[in-house]
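Data block below; observations after.
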Amino acid sequence: MGRYSTTLPAILPPWFQTSTGQLYATAVGEVLDGELDRAREARNVRYPLVAPPDALPLLGWERRLDRYPSETESSYRGRLSRAHETWRWAGTPGGVYRLAVAMGFTYGQAVRVNYVRWAEVYVLLSGRPISVSERPALYRAVRAVLPAHAKLAAILYGVAELWQNDGLWQNDGVKWGGGDLVPEV
């Protein structure tokens with residue numbers, strides 16, 4: 001489709017083909033082109049793959065998908081555009097694993113704390129360190145993929161070999177979580 005500023009002067013009736021008529025049609029066409037450009041920009045805000053960068057946080061809020069601290073813009077755009085697929089995996093063991101891989105971990109699993117309180121889970125992660133600044137985003141992301149009734153007891157991260165070792169997991173009310181000592185509540 002052509003631009004209005006070039007199309008309108010070309011389709012004027014013969015009695016309006018004067019120089020004044022051409023200038024008038026070009027001016028009207030430029031106004032219409034501006035409105036069309038603004039309408040396209042407004043439409044593009046709704047689509048993550050073509051939205052301007054400042055619209056991504058709002059699209060993420062709307063879809064309940066936070067941007068991970070180390071995630072690139074193109075990766076976040078792709079994840080926002082596949083929000084329905086992400087929601088489909090929420091509340092499943094595969095959802096925790098997919099989240100872990102998307103965040104750069106090599107392993108992720110949700111494990112029940114004990115069988116008395118069946119809705120309380122640990123989330124085990126390994127493969128990379130977690131910085132202090134990304135902990136809130138990690139917590140929100142993990143909560144989003146757990147079942148709605150599940151209570152997150154702790155996020156444990158470290159080397160996967162330690163988990164098969166049957167080593168010390170809890171001692172005197174203190175849990176291990178990647179080197180930090182977190183008092184039990």
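With K and R counted +1 and D and E -1, the other residues having a Cβ less than 13 Å from that of residue 55 yield a net charge of +1. Roughly speaking, what is the centre-to-centre gap between region 1-35 and region 40-66 when only Cα atoms are used, to the nearest Å? Region 1-35 and region 40-66 have Cα centres spaced 34 Å from each other. Among the trypsin sites (Lys or Arg not before Pro) within region 1-46, those in coil by DSSP and having at most 14 neighbouring Cβ atoms inside 10 Å are 3, 46.
For region 1-107, the solvent-accessible area with a 1.4 angstrom probe is 66 square angstrom per residue. Ranking 111, 132, 145 by solvent-accessible area of protein heavy atoms (1.4 Å probe, all protein chains present), from largest to smallest, gives 132, 111, 145.
The values are calculated or read from the model by the stated rules, or taken from the named source; none is laboratory data. Everything numeric in this text was worked out from a predicted model, so none of it was measured. In this analysis, Cβ positions are derived from the backbone assuming ideal geometry, glycine residues included, and neighbour counts consider all displayed protein chains. Accessible surface is based on the protein model in full, side chains and every heavy atom, while ligands, DNA and RNA are left aside. Shrake-Rupley method; radii C 1.70, N 1.55, O 1.52, S 1.80 Å.
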